[in-house]
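Read-outs: derived from the displayed coordinates by stated rules, not from any lab. A quick note: this is a predicted structure, and the numbers were derived from the prediction, not measured. Neighbour counts are summed over all protein chains in view; Cβ atoms, including those assigned to glycine, are modelled from backbone coordinates with ideal geometry.
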Amino acid sequence: MTGVENSRAAAAFVSPAALVSLAIAAVPLLFILYTSLGGAALSLEAFENLLTSTLFRRSLYTTLEISVSASLISLVLGYVVALHLARQPPRRRAVYMVLVLLPFWTSILVKSYAFTVILGREGVINLVLSWVFGTQVALPMILNRFGVMVGMTNYLTPFIVFPVLASLLAIDPALYRAADIMSARPMRIFFTITLPLSLPGIVAGVSSVMVMSLGFFVIPALLGGRQDVMLANLVDFYTRETLDWNMAAAIGVLLLAMVVLLSAPALWMRRNQLAGKA
Amino acid sequence: MSDAFDLKDPLKRRYRRFGTALACLVYAFMLVPSLIVIPVSFGTQHEVRFPPREFSFELYQIFFSSAAWTGPLLQSLKVACLTTILALATAVPAAYGIVRHDFPGKKAITLLLMSPLVIPAIVMALGLYLYFSYIRLTGSTLALVLGHTIYVTPFVIVMVAAGVQKLDPNLEFGATLMGAGRYRMFATVVLPQLAPSIMAGGLFAFLISFDEVVISWFLVSATTTTLPVKMYSSIQWEISPVIAAVSTMLTVLSLVVCMLTAALQRSGRGQ
């Protein structure tokens, strides 16, 4: 096949999807940019308004705070599971994998509802505590920061497990054997072999989880309170409640910029890995 | 890492047991929300309680007998089916073209096709809302299907591209040598071999569309409300116990899709 022939074949296969994406993904993004600049006015007014708005600044801070802490907690939880999975023989690993895949595929609405049943005022935990202590216990565990954190870490943990497991499985077993022969202690093995060599998985996992949590909408809306309004909820508020589309679009542009910046390390890591392999 | 020989060391054994115990706690934490809705769904409408005091199918009866729930259910089924068809029709050839061909602008096009994986759903939802308001499409089923198609396309491409990479290019080359045109070769040689990946990609597309809430929340109208949107507003405003029944059915659906794709991937590997 000649080069021209090759391109023509490729065009035939790729162009339908590319055209749909251009029309339904690229154009809407341009619409956001255009709207954030006040349409034909091309002014930065919406951005200036955002930066002086207390509501926006508080919600930006809340978003960063929740995203960072939820990502770190899910990293710890996911790492524990990935370590356990990596130790299993392949057959048993496939079985344990279902325990990660089922929550991975469970709808975020099901999870949010489940947490209102578990953590709610008359929820399972309060019921058990009331029974244990013999008095009415009603710890507030939803519609506050605690509820958001539980819901988010629950949702994000599987997304850490997959990349970390992949890099744990890529570690050469000979290293462990060598460490064992040298009678290194478990902690030392973990900190000199396991942890550094799983770094690519950690970076990939944490950055994808951060990217996801910046845009979280359902969990803060259903499990959070007034203090836990994240940027995505603010977009919803401006779009549908106050009909201030310029503000909503400006937040959208900022969210997009943050996401692009954050996914850079993962992309960079992958390119380095590919370069290393070549 | 599955080395049994080092377990003679008691210190190591203790660490390992500790690690397993921690892992079990995290497994439980991950699974509990998916599972707890099942017993609750067999309770009654008067109290949301775990464990329920009496066993009944009341919540399911309410769900299937009220148009406020079955309407969104049918709408979600419709949107998910149409999305799956449209996404497969565009993403399967695209995945093949990306894996097998080099062409100018390949990186840019791949980036464009995969971008919905990174772009927050809320940003896509807002963009689609502004755009569809402009062309007067907001609120229609078509708007939902188009929005969902963009959203599921990268997942289908990833699944199918992995399948294409396992194919033997010599078969395609042979068919071309024997005089089969590009499309005939694709339809008779490539597609049949890709069946397991296409099925798996289609299942993913269906499930993701069926569960999608953020984009739908921005695009639905009163007559095109989907099940997740109905569920979202229901949890927000009233917490009707019927949600437990819906949740159970959604969890079962996730489980079925999860099992089916695992089986498909195994059969794909066996070839």
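A viscosity of 1.567 mPa s and a temperature of 4 °C, combined with the Kirkwood radius over C-alpha pairs in the Stokes-Einstein formula, give the stretch B:67-270 a diffusion coefficient of 70 µm²/s.
Note on B:K230: aspartates and glutamates with a C-alpha under 13 Å away, same-chain residues under 8 apart excluded, are B:D211, B:E212, B:E238. Coupling constants for the stretch A:199-208 follow from the phi torsions by the Karplus curve (6.51 cos²θ - 1.76 cosθ + 1.60, θ = phi - 60°), and in residue order they are 4, x, x, 4, 4, 4, x, 5, 5, 6 Hz; glycine and proline get x. All Cα-Cα distances of the stretch A:126-278, cut into 5 Å bins from zero to the largest, leave 2, 8, 11, 12, 13, 12, 11, 10, 9, 7, 4, 2, 1, 0 percent in each bin in turn. For the pair A:A170 and A:Q136, label points projected 7 Å from Cα toward Cβ lie 5.7 nm apart. Taking only the C-alpha atoms of the stretch A:35-159, Rg followed by Dmax gives 20.7, 66 Å.
In chain B, Cα pairs under 8 Å separated by at least six residues give a relative contact order of 28 percent. Pairs exceeding a 25 Å alpha-carbon distance, out of B:K78/B:K106; B:K107/B:K166; B:K78/B:K107: B:K78/B:K106; B:K78/B:K107. Can you work out the base-10 log of I(q)/I(0) for the protein assembly as shown at q = 0.05, 0.06, 0.11 1/Å, using the Debye formula on its C-alpha atoms alone? For the requested q values the scattering log ratios are -0.22, -0.33, -1.11. Loop-located trypsin sites (Lys or Arg not before Pro) in the stretch B:1-110 (DSSP state not H, G, I, E or B) with no more than 16 neighbouring Cβ atoms inside 10 Å: B:R53. Figure legend: label point modelled 7 angstrom from the Cα of A:E122 along Cα→Cβ; residues of the stretch B:228-257 with amide N under 12 Å from it are B:241. Shown for A:M149, A:M230, B:M124: other C-beta atoms within 10 Å of each C-beta, ranked fewest to most, produce the order A:M149, B:M124, A:M230. Spin-label pair A:A264-A:N144: with each label point 7 Å from Cα along the Cα-Cβ axis, the two points sit 3.9 nm from one another. With both labels modelled 7 Å from their Cα along Cα-to-Cβ, the B:C81 to B:H46 distance reads 4.0 nm. Evaluating kT/(6 pi eta Rh) at 4 °C and 1.567 mPa s, with the Kirkwood radius of chain A over Cα pairs in the Stokes-Einstein relation, gives 58 µm² s⁻¹.
For the stretch A:33-42, 3J(HN,Hα) computed residue by residue from phi via the Karplus equation (6.51, -1.76, 1.60; θ = phi - 60°) reads 4, 4, 5, 5, 8, x, x, 5, 5, 6 Hz, glycine and proline entered as x. Put in order of Cβ neighbour count within 10 Å, fewest first, the listed residues B:E54, A:E48 become B:E54, A:E48.
Among B:H46, B:H148, B:H101, sorting on how many other beta-carbon atoms sit within 10 Å of each Cβ, with the fewest leading, yields B:H46, B:H101, B:H148. For chain A, relative contact order (Cα pairs under 8 Å, six or more residues apart, normalised by length) works out to 27 percent. Rounded to the nearest 0.05, the FRET efficiency derived from the C-beta distance between B:C24 and A:L195 at R0 = 22 Å is 0.50. For the stretch A:164-170, 3J(HN,Hα) computed residue by residue from phi via the Karplus equation (6.51, -1.76, 1.60; θ = phi - 60°) reads 5, 4, 4, 6, 5, 6, 7 Hz, glycine and proline entered as x.
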